[in-house]
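Colleague: Have a look at this one.
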Amino acid sequence: MAGFVAVHTGAGNCIDETKYQRVIKEACIRATEILRNGGSAIDACEAAIMRLENCGHTNAGFGSNLCLDGSVQCDAAIMSGTTLNFGACTNVSRVKNPIQLARRICDGQSDQQPLERIPPMVLAASGAEQFAEQVGCAMVDPNVLISSKAKFHYNHYKSKYDIVVGNSKAVEEAVPEPGNEVELTAALDTVGAVCVDGSGNTAAGCSSGGILLKVPGRVGQAATYGAGCWATDTDELAIATCTTGNGEYLMKTLLAREICNGAFGSDCAVTSLHKTFKQKFLDSPLLPQQQDLYAGALTLLYYPKQSCGEVMWSHTTQSFCVGYMATTQKVPKFVHSPLPTYSVPGRSCVVNGHNFHLRI
């Protein structure tokens, strides 16, 4: 069986891409193994994200950013381009792999309920965790998801936050030392994956621990319909995308859905992505124009009649780490995508990509 998968570890200011390189390649290899063995796009997408959640270097699952109160609360979502089913969970602390729960919720969209009840599409907090136990998701103590790195980052920035809140004149003291700030905020964002299988079915998913020191109970784009991921399959074009960046801004603009809608109305994927990022995000009247706007997206476009496609990565951040692999490849490809030196982070966008063919 043929297929193609692409993954990312978040758009941000990555200064050491080597710590993401290994897990990105492992996620691609795991997903393509599933595709070669006849698994579906959504199977492969889920497996890839589970690997990213387990590594400890990303801001998803184990290693997630901590809330203001020191707790861990995770979001995840997944969508099938064939069925258009979507499932998401938010504010879960006891689910080892939030993307696994999102997948179970997504699959449940096709189940008939007694008394004409509609299956849930998004589940939160304790209710989501109860459901996770019922459907057999791996459960853990919340402390198991807190890595030493996440705890270090939390302690560092929580002390700075306390200084600022306690004494407005101490703001200057709260600024991280030059060169250290990027190190501590490297794992800013959501991880995600997009996939197409040999039947031309696509899937997209994302998982996140949210922003560091977030208000407990905050819902991010990784659990928001139309913002964190989107997938739609047609006879002419199948497309899947997953986003990362400033969660509230991605939610206000529904960037994932806008990316896919824009692609259906364009003959050029690069032009479409540039246009969407410019018109629907950077210049959006919904967002504050005085602030830097950070976003990234990993997008897969597949043309069923030609058995070929494109994987595109676009971002307004300083860098973006992605990887991709076809079932015909022996090793995955890793890409550390920087913003061009003439571009201003948060104010301009770069788009790159790679063509692929499926042997069906």
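The values are calculated or read from the model by the stated rules, or taken from the named source; none is laboratory data. Note that the coordinates shown come from a computational prediction; the quantities given were computed from them, not determined experimentally. Just so you know, the surface numbers come from the protein's heavy atoms only, side chains and all, with ligands and any DNA or RNA stripped out. Shrake-Rupley method; radii C 1.70, N 1.55, O 1.52, S 1.80 Å.
Colleague: With θ set to phi - 60°, apply the Karplus curve 6.51 cos²θ - 1.76 cosθ + 1.60 along the stretch 192-197 and write out the HN-Hα couplings as whole Hz, x wherever there is a Gly or Pro.
Modeller: Working through the residues one at a time gives x, 8, 10, 8, 9, 9 Hz.
Colleague: If amide hydrogens are placed 1.01 Å from N in the peptide plane, which non-local residues have theirs closer than 5 Å to the one on Ser147?
Modeller: Gly63, Ser64
Colleague: Excluding same-chain residues fewer than 8 positions from Lys151, which lysines have a Cα within less than 20 Å of its Cα?
Modeller: Straight-line reach from Lys151, under 20 Å: Lys19, Lys96, Lys160, Lys214.
Colleague: To continue, here is another question. State whether the stretch 62-165 is rounded, prolate or oblate according to the following rule on the C-alpha gyration tensor (a ≥ b ≥ c being the square roots of its eigenvalues): a/c under 1.5 gives rounded; otherwise a/b larger than b/c gives prolate, and the remaining case gives oblate.
Modeller: prolate
Colleague: Quick one: which residues, 5+ away or cross-chain, put their amide H under 5 Å from the amide H of Arg347? H built at 1.01 Å from N.
Modeller: When sequence neighbours closer than 5 places are left aside, the close amide H contacts are Leu293.
Colleague: Applying the Karplus parametrisation 6.51 cos²θ - 1.76 cosθ + 1.60 with θ = phi - 60° to the phi angles of the stretch 308-323, what ³J(HN,Hα) value in whole Hz is obtained for each residue in order, glycine and proline being reported as x?
Modeller: 9, x, 9, 10, 10, 10, 9, 7, 9, 7, 4, 7, 7, 9, 9, x
Colleague: Could I ask something else about it? Tell me whether the stretch 186-330 comes out rounded, prolate or oblate; compute the Cα gyration tensor, take square roots of the eigenvalues as a ≥ b ≥ c, and use a/c under 1.5 as the rounded threshold.
Modeller: Note, shape of the stretch 186-330 comes out prolate.
Colleague: Something else about it: Counting only helical runs of four or more DSSP H residues, what would the 222 nm mean residue ellipticity of the chain come to if each run contributes -39,500 (n - 2.57) and the total is spread over all its residues?
Modeller: Result for the chain: -8500 deg cm²/dmol, rounded to the nearest 500.
Colleague: So how exposed is Lys96, as accessible area in Å² (1.4 Å probe, rounded to 10)?
Modeller: 80
Colleague: Which of the three applies to the stretch 1-106, rounded, prolate or oblate, going by the alpha-carbon gyration tensor with a ≥ b ≥ c and a/c under 1.5 meaning rounded?
Modeller: oblate
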